[in-house]
Amino acid sequence: METKTQKHKINKFKLMKYFFVLGNNPTLSIAEITSVFSGSPEIISNQLFILDSQENIQALEVIKRLGGTIKIGIIDSQADKRDYRKILKNILLMIKKKEIIGKFKFGISCYDVKTIKEKGLGLDIKRSLQEEGINCRWVTSSEATLSSVVVKQNNLIDKGLEIILIETNNKILIGQTLAVQPFKELSFRDYGRPARDDLSGMIPPKLAQIMINLANINPDETILDPFCGSGTILTEAMLMGYKNLIGSDVSEKAINDTKININWIKNNFCPLDKRGWGDFSFFHSSINDLSKYVQLESIDAIITEPYLGPQRGKIEIKQVLKELNNLYNKALIEFDKILKSDGCIVMIWPIFCLHQKQNHLNPLLNSFKIINPLPLELFNNKKIKLTDRNTIIYGRPNQIVWREIVILKKEKN
(Lines give C-alpha, C1' and ligand atoms only; values in the text may rest on other atoms or scores of the structure.)
Protein backbone atom coordinates (compact mmCIF):
# COMPACT_ATOMS: atom_id res chain seq x y z
CA MET A 1 0.00 0.00 0.00
CA GLU A 2 1.20 3.48 -0.84
CA THR A 3 2.32 5.31 2.29
CA LYS A 4 1.13 8.75 3.33
CA THR A 5 4.45 10.33 2.42
CA GLN A 6 4.20 8.91 -1.09
CA LYS A 7 0.85 10.61 -1.69
CA HIS A 8 2.34 14.10 -1.67
CA LYS A 9 5.51 15.70 -2.97
CA ILE A 10 8.39 15.53 -0.52
CA ASN A 11 10.85 18.35 0.09
CA LYS A 12 13.87 16.50 1.49
CA PHE A 13 15.78 19.64 2.31
CA LYS A 14 13.28 21.75 4.21
CA LEU A 15 10.93 21.15 7.09
CA MET A 16 7.77 23.24 6.71
CA LYS A 17 5.36 24.19 9.46
CA TYR A 18 1.71 24.02 8.44
CA PHE A 19 -1.27 25.05 10.54
CA PHE A 20 -4.78 23.70 10.31
CA VAL A 21 -7.83 25.47 11.72
CA LEU A 22 -10.03 22.65 12.99
CA GLY A 23 -13.75 22.02 12.61
CA ASN A 24 -16.36 21.55 15.32
CA ASN A 25 -14.94 18.17 16.35
CA PRO A 26 -11.19 18.77 16.88
CA THR A 27 -10.34 15.12 17.62
CA LEU A 28 -12.00 13.96 14.42
CA SER A 29 -10.29 16.74 12.44
CA ILE A 30 -6.87 15.78 13.82
CA ALA A 31 -7.47 12.08 13.13
CA GLU A 32 -8.25 12.94 9.51
CA ILE A 33 -5.22 15.22 9.04
CA THR A 34 -2.78 12.67 10.50
CA SER A 35 -4.30 9.94 8.32
CA VAL A 36 -3.53 11.99 5.22
CA PHE A 37 -0.20 13.64 6.10
CA SER A 38 3.02 12.58 7.77
CA GLY A 39 4.98 14.79 10.12
CA SER A 40 5.48 15.90 13.69
CA PRO A 41 2.10 16.93 15.15
CA GLU A 42 1.38 19.56 17.79
CA ILE A 43 -2.03 20.44 19.19
CA ILE A 44 -2.13 24.14 20.02
CA SER A 45 -5.77 24.39 21.10
CA ASN A 46 -9.25 23.15 20.21
CA GLN A 47 -9.02 25.40 17.17
CA LEU A 48 -5.47 24.86 15.96
CA PHE A 49 -3.24 22.00 14.94
CA ILE A 50 0.32 22.33 13.64
CA LEU A 51 2.23 19.82 11.56
CA ASP A 52 5.97 20.01 10.89
CA SER A 53 6.36 18.16 7.61
CA GLN A 54 8.62 17.68 4.61
CA GLU A 55 5.56 17.29 2.42
CA ASN A 56 4.80 20.08 -0.02
CA ILE A 57 1.10 20.38 0.76
CA GLN A 58 -0.93 21.77 -2.12
CA ALA A 59 -3.42 23.52 0.13
CA LEU A 60 -5.89 24.71 -2.52
CA GLU A 61 -6.38 21.13 -3.73
CA VAL A 62 -6.15 19.41 -0.35
CA ILE A 63 -8.77 21.62 1.33
CA LYS A 64 -11.38 20.30 -1.11
CA ARG A 65 -11.03 16.80 0.33
CA LEU A 66 -10.49 17.49 4.04
CA GLY A 67 -13.94 17.51 5.62
CA GLY A 68 -12.73 18.49 9.09
CA THR A 69 -10.46 21.43 8.27
CA ILE A 70 -11.62 25.06 8.03
CA LYS A 71 -8.32 26.65 6.95
CA ILE A 72 -4.85 25.50 5.93
CA GLY A 73 -1.84 27.78 6.07
CA ILE A 74 1.89 27.95 6.54
CA ILE A 75 4.04 29.51 9.26
CA ASP A 76 6.62 31.90 7.76
CA SER A 77 8.44 33.10 10.88
CA GLN A 78 8.30 33.55 14.61
CA ALA A 79 9.29 36.11 17.24
CA ASP A 80 9.35 36.56 20.98
CA LYS A 81 5.85 37.52 22.07
CA ARG A 82 7.20 40.75 23.66
CA ASP A 83 9.18 41.82 20.57
CA TYR A 84 6.47 43.84 18.80
CA ARG A 85 8.89 45.51 16.38
CA LYS A 86 10.15 42.17 15.08
CA ILE A 87 6.61 40.84 14.77
CA LEU A 88 5.59 43.86 12.69
CA LYS A 89 8.79 43.68 10.63
CA ASN A 90 8.25 39.98 9.85
CA ILE A 91 4.65 40.63 8.80
CA LEU A 92 5.74 43.39 6.43
CA LEU A 93 8.44 41.15 4.94
CA MET A 94 5.82 38.46 4.37
CA ILE A 95 3.54 40.95 2.61
CA LYS A 96 6.38 42.19 0.36
CA LYS A 97 6.81 38.66 -0.98
CA LYS A 98 3.28 38.83 -2.38
CA GLU A 99 2.58 40.03 -5.90
CA ILE A 100 0.54 43.17 -5.27
CA ILE A 101 -1.71 44.35 -8.09
CA GLY A 102 -4.12 47.20 -7.43
CA LYS A 103 -5.57 47.71 -3.98
CA PHE A 104 -4.08 45.25 -1.50
CA LYS A 105 -6.43 43.71 1.08
CA PHE A 106 -5.20 42.15 4.29
CA GLY A 107 -6.83 40.72 7.39
CA ILE A 108 -5.54 39.54 10.75
CA SER A 109 -6.60 36.45 12.71
CA CYS A 110 -5.20 36.04 16.22
CA TYR A 111 -5.30 32.59 17.80
CA ASP A 112 -4.70 32.55 21.57
CA VAL A 113 -2.80 35.83 21.28
CA LYS A 114 -2.92 37.84 24.51
CA THR A 115 0.08 40.14 24.16
CA ILE A 116 -0.82 42.06 20.99
CA LYS A 117 -3.72 44.43 20.38
CA GLU A 118 -5.11 43.58 16.96
CA LYS A 119 -6.39 47.11 16.29
CA GLY A 120 -3.01 48.72 16.89
CA LEU A 121 -1.24 46.09 14.77
CA GLY A 122 -3.67 46.54 11.89
CA LEU A 123 -3.21 50.28 11.90
CA ASP A 124 0.58 49.96 12.00
CA ILE A 125 0.56 47.54 9.05
CA LYS A 126 -1.71 49.85 7.05
CA ARG A 127 0.39 52.93 7.87
CA SER A 128 3.64 51.16 6.92
CA LEU A 129 2.23 49.99 3.59
CA GLN A 130 0.87 53.44 2.76
CA GLU A 131 4.27 54.99 3.50
CA GLU A 132 5.68 52.72 0.79
CA GLY A 133 3.01 53.82 -1.66
CA ILE A 134 0.89 50.67 -1.40
CA ASN A 135 -2.83 51.31 -1.57
CA CYS A 136 -4.41 48.94 0.94
CA ARG A 137 -7.51 48.01 2.91
CA TRP A 138 -7.63 46.28 6.28
CA VAL A 139 -10.45 43.70 6.40
CA THR A 140 -11.82 43.49 9.94
CA SER A 141 -14.31 41.40 11.87
CA SER A 142 -16.04 41.59 15.23
CA GLU A 143 -14.22 38.37 16.20
CA ALA A 144 -10.52 37.83 16.91
CA THR A 145 -10.36 35.55 13.88
CA LEU A 146 -11.77 35.97 10.38
CA SER A 147 -14.26 33.35 9.27
CA SER A 148 -13.66 31.38 6.09
CA VAL A 149 -16.63 33.27 4.60
CA VAL A 150 -14.97 36.66 5.24
CA VAL A 151 -11.66 35.41 3.85
CA LYS A 152 -13.32 34.06 0.71
CA GLN A 153 -15.63 37.01 0.06
CA ASN A 154 -12.74 39.48 0.33
CA ASN A 155 -10.40 37.43 -1.90
CA LEU A 156 -7.72 37.33 0.79
CA ILE A 157 -6.28 34.12 -0.66
CA ASP A 158 -6.08 35.13 -4.33
CA LYS A 159 -5.60 38.90 -4.19
CA GLY A 160 -4.65 39.67 -0.61
CA LEU A 161 -3.44 38.07 2.58
CA GLU A 162 -4.88 36.71 5.80
CA ILE A 163 -2.16 37.16 8.42
CA ILE A 164 -2.24 34.49 11.12
CA LEU A 165 -0.77 35.06 14.58
CA ILE A 166 -0.50 32.13 17.00
CA GLU A 167 0.81 32.50 20.53
CA THR A 168 2.50 29.40 21.96
CA ASN A 169 5.43 28.79 24.32
CA ASN A 170 6.13 32.54 24.72
CA LYS A 171 6.46 32.88 20.95
CA ILE A 172 4.29 34.43 18.29
CA LEU A 173 4.11 32.28 15.17
CA ILE A 174 3.48 34.39 12.07
CA GLY A 175 1.87 32.80 9.06
CA GLN A 176 -0.59 33.14 6.21
CA THR A 177 -3.68 31.26 5.14
CA LEU A 178 -3.28 29.27 1.92
CA ALA A 179 -6.80 27.88 1.54
CA VAL A 180 -10.23 27.86 3.19
CA GLN A 181 -12.89 25.17 3.13
CA PRO A 182 -15.17 25.43 0.07
CA PHE A 183 -18.33 25.99 2.13
CA LYS A 184 -20.53 26.87 -0.86
CA GLU A 185 -19.66 23.68 -2.73
CA LEU A 186 -20.20 21.52 0.34
CA SER A 187 -23.58 23.11 1.01
CA PHE A 188 -24.55 22.67 -2.63
CA ARG A 189 -23.64 18.99 -2.56
CA ASP A 190 -25.52 18.52 0.70
CA TYR A 191 -28.76 20.40 0.03
CA GLY A 192 -28.75 20.77 -3.73
CA ARG A 193 -28.66 17.11 -4.70
CA PRO A 194 -31.89 15.93 -6.33
CA ALA A 195 -32.39 12.68 -4.39
CA ARG A 196 -32.60 13.10 -0.62
CA ASP A 197 -34.16 11.01 2.13
CA ASP A 198 -34.51 13.24 5.16
CA LEU A 199 -36.68 10.68 6.93
CA SER A 200 -33.97 8.03 7.24
CA GLY A 201 -31.21 10.63 7.55
CA MET A 202 -28.29 11.62 5.35
CA ILE A 203 -24.63 11.69 6.24
CA PRO A 204 -23.12 15.18 5.69
CA PRO A 205 -20.58 15.37 2.82
CA LYS A 206 -17.90 16.67 5.23
CA LEU A 207 -18.27 13.61 7.47
CA ALA A 208 -18.21 11.33 4.40
CA GLN A 209 -14.90 12.93 3.35
CA ILE A 210 -13.45 12.40 6.82
CA MET A 211 -14.43 8.73 6.87
CA ILE A 212 -12.89 8.15 3.45
CA ASN A 213 -9.65 9.80 4.56
CA LEU A 214 -9.58 7.73 7.76
CA ALA A 215 -9.53 4.59 5.60
CA ASN A 216 -6.19 5.81 4.19
CA ILE A 217 -6.30 3.82 0.95
CA ASN A 218 -5.04 4.45 -2.58
CA PRO A 219 -7.29 5.85 -5.34
CA ASP A 220 -7.17 2.59 -7.33
CA GLU A 221 -8.29 0.39 -4.43
CA THR A 222 -11.88 -0.76 -4.00
CA ILE A 223 -14.40 0.91 -1.68
CA LEU A 224 -17.73 -0.67 -0.78
CA ASP A 225 -20.66 1.09 0.88
CA PRO A 226 -23.18 -1.69 1.69
CA PHE A 227 -25.72 0.78 3.15
CA CYS A 228 -25.34 3.35 0.37
CA GLY A 229 -28.58 5.26 1.04
CA SER A 230 -28.58 8.22 -1.34
CA GLY A 231 -24.90 7.78 -2.19
CA THR A 232 -23.11 10.50 -0.22
CA ILE A 233 -20.06 8.39 0.62
CA LEU A 234 -19.77 7.08 -2.94
CA THR A 235 -20.18 10.51 -4.58
CA GLU A 236 -17.63 12.10 -2.24
CA ALA A 237 -15.19 9.24 -2.93
CA MET A 238 -15.78 9.80 -6.65
CA LEU A 239 -14.93 13.50 -6.32
CA MET A 240 -11.82 12.60 -4.33
CA GLY A 241 -10.55 10.50 -7.24
CA TYR A 242 -11.35 6.95 -6.15
CA LYS A 243 -11.92 4.77 -9.19
CA ASN A 244 -13.43 1.48 -7.98
CA LEU A 245 -16.67 2.00 -6.10
CA ILE A 246 -19.40 -0.47 -5.16
CA GLY A 247 -22.76 0.37 -3.61
CA SER A 248 -25.51 -1.82 -2.27
CA ASP A 249 -28.61 -1.40 -0.15
CA VAL A 250 -31.67 -3.37 0.90
CA SER A 251 -33.79 -0.57 -0.57
CA GLU A 252 -34.27 -0.35 -4.33
CA LYS A 253 -35.13 3.33 -3.88
CA ALA A 254 -31.73 3.90 -2.26
CA ILE A 255 -29.92 2.36 -5.22
CA ASN A 256 -31.94 4.50 -7.62
CA ASP A 257 -31.31 7.63 -5.52
CA THR A 258 -27.58 6.92 -5.54
CA LYS A 259 -27.52 6.62 -9.33
CA ILE A 260 -29.46 9.88 -9.69
CA ASN A 261 -27.05 11.70 -7.40
CA ILE A 262 -23.99 10.29 -9.18
CA ASN A 263 -25.26 11.65 -12.50
CA TRP A 264 -26.04 14.98 -10.83
CA ILE A 265 -22.48 15.19 -9.48
CA LYS A 266 -21.08 14.43 -12.94
CA ASN A 267 -23.22 17.14 -14.54
CA ASN A 268 -22.39 19.78 -11.93
CA PHE A 269 -18.66 19.13 -11.64
CA CYS A 270 -17.84 18.91 -15.33
CA PRO A 271 -14.11 19.85 -15.16
CA LEU A 272 -13.44 16.69 -13.17
CA ASP A 273 -14.90 14.59 -15.97
CA LYS A 274 -11.66 14.99 -17.91
CA ARG A 275 -9.82 12.64 -15.57
CA GLY A 276 -12.48 9.94 -15.71
CA TRP A 277 -14.97 8.91 -13.11
CA GLY A 278 -13.87 5.31 -12.62
CA ASP A 279 -15.97 2.17 -12.36
CA PHE A 280 -19.22 1.88 -10.41
CA SER A 281 -21.23 -1.22 -9.65
CA PHE A 282 -24.46 -1.55 -7.70
CA PHE A 283 -26.65 -4.34 -6.46
CA HIS A 284 -29.80 -4.66 -4.40
CA SER A 285 -29.29 -6.92 -1.38
CA SER A 286 -29.93 -7.33 2.31
CA ILE A 287 -26.83 -7.31 4.48
CA ASN A 288 -27.27 -11.06 5.09
CA ASP A 289 -26.57 -11.86 1.42
CA LEU A 290 -23.69 -9.46 0.84
CA SER A 291 -21.09 -12.19 0.23
CA LYS A 292 -23.27 -13.69 -2.52
CA TYR A 293 -22.72 -10.59 -4.65
CA VAL A 294 -19.17 -9.58 -3.68
CA GLN A 295 -16.11 -11.71 -4.31
CA LEU A 296 -14.56 -13.05 -1.11
CA GLU A 297 -11.60 -11.05 0.24
CA SER A 298 -11.81 -8.54 -2.63
CA ILE A 299 -12.63 -5.27 -0.83
CA ASP A 300 -9.95 -2.86 0.42
CA ALA A 301 -12.22 -0.63 2.50
CA ILE A 302 -15.80 -0.74 3.68
CA ILE A 303 -16.94 2.82 4.45
CA THR A 304 -20.53 3.08 5.55
CA GLU A 305 -23.25 4.51 7.72
CA PRO A 306 -25.76 1.71 8.35
CA TYR A 307 -29.31 2.22 9.49
CA LEU A 308 -29.04 4.18 12.74
CA GLY A 309 -32.48 3.40 14.11
CA PRO A 310 -35.40 5.77 14.74
CA GLN A 311 -34.50 9.46 14.80
CA ARG A 312 -37.77 10.88 16.10
CA GLY A 313 -40.69 10.10 18.37
CA LYS A 314 -40.76 7.74 21.33
CA ILE A 315 -37.84 5.29 21.29
CA GLU A 316 -38.09 1.93 23.06
CA ILE A 317 -34.39 1.89 23.70
CA LYS A 318 -33.97 -1.76 24.78
CA GLN A 319 -35.79 -3.06 21.73
CA VAL A 320 -33.97 -0.66 19.39
CA LEU A 321 -30.54 -1.62 20.75
CA LYS A 322 -31.39 -5.31 20.43
CA GLU A 323 -32.48 -4.94 16.81
CA LEU A 324 -29.53 -2.78 15.81
CA ASN A 325 -26.97 -4.99 17.53
CA ASN A 326 -28.44 -7.91 15.61
CA LEU A 327 -28.19 -5.97 12.31
CA TYR A 328 -24.61 -4.89 12.96
CA ASN A 329 -23.61 -8.41 14.07
CA LYS A 330 -24.82 -9.77 10.73
CA ALA A 331 -23.06 -6.97 8.86
CA LEU A 332 -19.70 -7.67 10.53
CA ILE A 333 -19.99 -11.39 9.75
CA GLU A 334 -20.46 -10.57 6.06
CA PHE A 335 -17.74 -7.90 6.12
CA ASP A 336 -15.28 -10.49 7.41
CA LYS A 337 -15.91 -12.65 4.35
CA ILE A 338 -15.38 -9.99 1.68
CA LEU A 339 -12.72 -7.74 3.23
CA LYS A 340 -9.06 -8.29 2.39
CA SER A 341 -6.83 -9.37 5.26
CA ASP A 342 -5.18 -5.93 5.35
CA GLY A 343 -8.38 -4.01 4.60
CA CYS A 344 -10.25 -1.73 6.97
CA ILE A 345 -13.77 -0.73 7.93
CA VAL A 346 -14.79 2.81 8.75
CA MET A 347 -18.37 2.83 9.92
CA ILE A 348 -20.79 4.68 12.14
CA TRP A 349 -22.55 3.23 15.15
CA PRO A 350 -25.44 5.19 16.66
CA ILE A 351 -25.47 6.55 20.21
CA PHE A 352 -28.91 7.29 21.66
CA CYS A 353 -28.86 10.24 24.04
CA LEU A 354 -31.93 9.78 26.20
CA HIS A 355 -32.68 10.94 29.74
CA GLN A 356 -29.15 12.34 30.13
CA LYS A 357 -27.66 8.95 29.33
CA GLN A 358 -25.74 7.69 26.32
CA ASN A 359 -26.84 4.29 25.05
CA HIS A 360 -24.17 2.64 22.88
CA LEU A 361 -24.22 -0.34 20.54
CA ASN A 362 -22.02 -3.32 21.35
CA PRO A 363 -22.00 -5.60 18.31
CA LEU A 364 -19.86 -8.73 18.32
CA LEU A 365 -16.49 -7.90 16.77
CA ASN A 366 -15.47 -11.55 16.18
CA SER A 367 -12.25 -11.36 14.10
CA PHE A 368 -12.11 -7.56 14.13
CA LYS A 369 -10.51 -5.10 16.53
CA ILE A 370 -11.10 -1.38 16.97
CA ILE A 371 -8.16 0.78 15.84
CA ASN A 372 -7.11 4.03 17.49
CA PRO A 373 -7.28 6.60 14.66
CA LEU A 374 -4.49 8.82 16.02
CA PRO A 375 -0.68 8.62 15.84
CA LEU A 376 1.11 7.20 18.89
CA GLU A 377 2.51 10.55 20.02
CA LEU A 378 -1.02 11.90 20.51
CA PHE A 379 -2.52 8.93 22.37
CA ASN A 380 -2.24 10.52 25.80
CA ASN A 381 -2.78 14.15 24.84
CA LYS A 382 -5.37 15.68 27.16
CA LYS A 383 -6.92 17.72 24.34
CA ILE A 384 -7.88 14.52 22.50
CA LYS A 385 -11.37 13.18 23.22
CA LEU A 386 -11.65 9.47 22.48
CA THR A 387 -14.12 7.04 24.00
CA ASP A 388 -12.88 4.23 26.22
CA ARG A 389 -12.89 1.97 23.16
CA ASN A 390 -10.82 4.39 21.01
CA THR A 391 -13.68 5.73 18.91
CA ILE A 392 -14.75 9.33 18.22
CA ILE A 393 -18.20 10.74 18.93
CA TYR A 394 -19.75 13.14 16.42
CA GLY A 395 -22.92 15.05 17.23
CA ARG A 396 -24.59 18.28 18.24
CA PRO A 397 -26.29 19.26 21.51
CA ASN A 398 -30.00 18.32 21.68
CA GLN A 399 -29.63 15.58 19.05
CA ILE A 400 -31.23 12.29 20.07
CA VAL A 401 -28.97 10.14 17.89
CA TRP A 402 -25.26 10.86 17.80
CA ARG A 403 -22.69 9.13 15.62
CA GLU A 404 -19.77 7.04 16.85
CA ILE A 405 -17.00 6.76 14.24
CA VAL A 406 -15.42 3.31 14.47
CA ILE A 407 -12.37 2.01 12.58
CA LEU A 408 -11.96 -1.76 12.43
CA LYS A 409 -9.27 -4.07 11.16
CA LYS A 410 -8.92 -7.84 11.21
CA GLU A 411 -7.02 -9.33 14.13
CA LYS A 412 -3.79 -10.99 13.05
CA ASN A 413 -3.47 -14.64 14.03
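The values are calculated or read from the model by the stated rules, or taken from the named source; none is laboratory data. Keep in mind it's a predicted model, so treat the numbers as computed, not measured. Backbone-built Cβ (ideal geometry, glycine too); neighbour counts: all protein chains shown. Ligands, DNA and RNA are stripped out before the accessible areas are found, and what is left, the full protein with its side chains, is counted by its heavy atoms. Shrake-Rupley method; radii C 1.70, N 1.55, O 1.52, S 1.80 Å.
Sort the chain into rounded, prolate or oblate with this rule: let a ≥ b ≥ c be the square roots of the eigenvalues of the Cα gyration tensor; rounded if a/c is under 1.5, and if a/c is not under 1.5, prolate when a/b is larger than b/c, oblate otherwise. Because a/c hits 1.5 or more and a/b exceeds b/c, the chain counts as prolate.
Keeping the other protein chains in place, figure out the carbon and sulfur percent of the accessible area of the chain, with a 1.4 Å probe.
Carbon and sulfur: 48 percent of the exposed surface of the chain.
The region of the chain that goes longest without hitting one of the chymotrypsin sites (Phe, Trp or Tyr not before Pro) in a DSSP loop, each with at most 11 other Cβ atoms within 10 Å, is 14-378.
Accessible area per residue for the chain, computed on protein heavy atoms with a 1.4 Å probe, is 49 Å².
Computed on segment 14-63, with alpha-carbon pairs under 8 angstrom and 6+ residues apart, the relative contact order is 45 percent.
With the Cα gyration tensor of segment 199-336 in hand, convert its eigenvalues to equivalent ellipsoid semi-axes via √(5λ) and list them largest first in whole Å.
That gives 26, 18, 13 Å for the three semi-axes.
Taking all Cα pairs closer than 8 Å and separated by 6 or more residues, the relative contact order of segment 1-159 comes to 21 percent. Going by accessible surface with a 1.4 Å probe and the largest first, T232, T140 read T140, T232.
With a cut-off of 8 Å between alpha carbons and a minimum separation of six or more residues, what is the relative contact order of the chain in percent?
Relative contact order comes out at 14 percent.
The Cα atoms of segment 347-413 give a gyration tensor whose axes a ≥ b ≥ c have a/c of 1.5 or more with a/b no greater than b/c, which makes the shape oblate.
Ranking V294, F269, I400 by Cα position along the charge dipole of segment 263-413, where only Lys, Arg, Asp and Glu carry charges on their C-beta atoms, puts I400 farthest toward the positive end. Along the axis of the charge dipole computed for the chain (Cβ charges of +1 for Lys and Arg, -1 for Asp and Glu, origin at the Cα centre), the listed residues G231, L364, N90 are led at the positive end by N90.
Which of K337/K409; K89/K126; K14/K409; K126/K159; K266/K330 have a Cα-Cα distance over 24 Å?
K14/K409; K266/K330, as the Cα separations exceed 24 Å there.
Measuring against 29 Å, Cα to Cα, the residue pairs K98/K385; K318/K382; K314/K382; K357/K383 contain K98/K385; K318/K382; K314/K382 as the ones spanning a longer distance. Scanning residues 5 or more positions from V250 or on other chains, those with amide H under 5 Å from its amide H are S285, with H placed 1.01 Å from N in the peptide plane.
At 222 nm, what value in deg cm²/dmol follows for the chain if DSSP H runs of at least 4 each add -39500 (n - 2.57) and the sum is divided by all its residues, to the nearest 500? It would help to have the intermediate numbers written out before the result.
On the way: 11 runs with 119 residues, N = 413.
Counting only the DSSP helices, I get -8500 deg cm²/dmol.
Taking a ≥ b ≥ c as the square roots of the eigenvalues of the Cα gyration tensor, segment 31-77 is classed as rounded, since a/c falls below 1.5.
Quick one: dipole size for the chain, taken about the Cα centre, charges +1 on Lys/Arg Cβ and -1 on Asp/Glu Cβ, in debye to the nearest 20.
1320 debye
Springs join every pair of Cα atoms under 10 Å in this Gaussian network model of the chain, and among D342, D83, D225 the largest mean-square fluctuation is at D83. Both radii are taken from the alpha-carbon atoms of segment 262-413; with Rh as the Kirkwood radius, Rg/Rh is 1.01.
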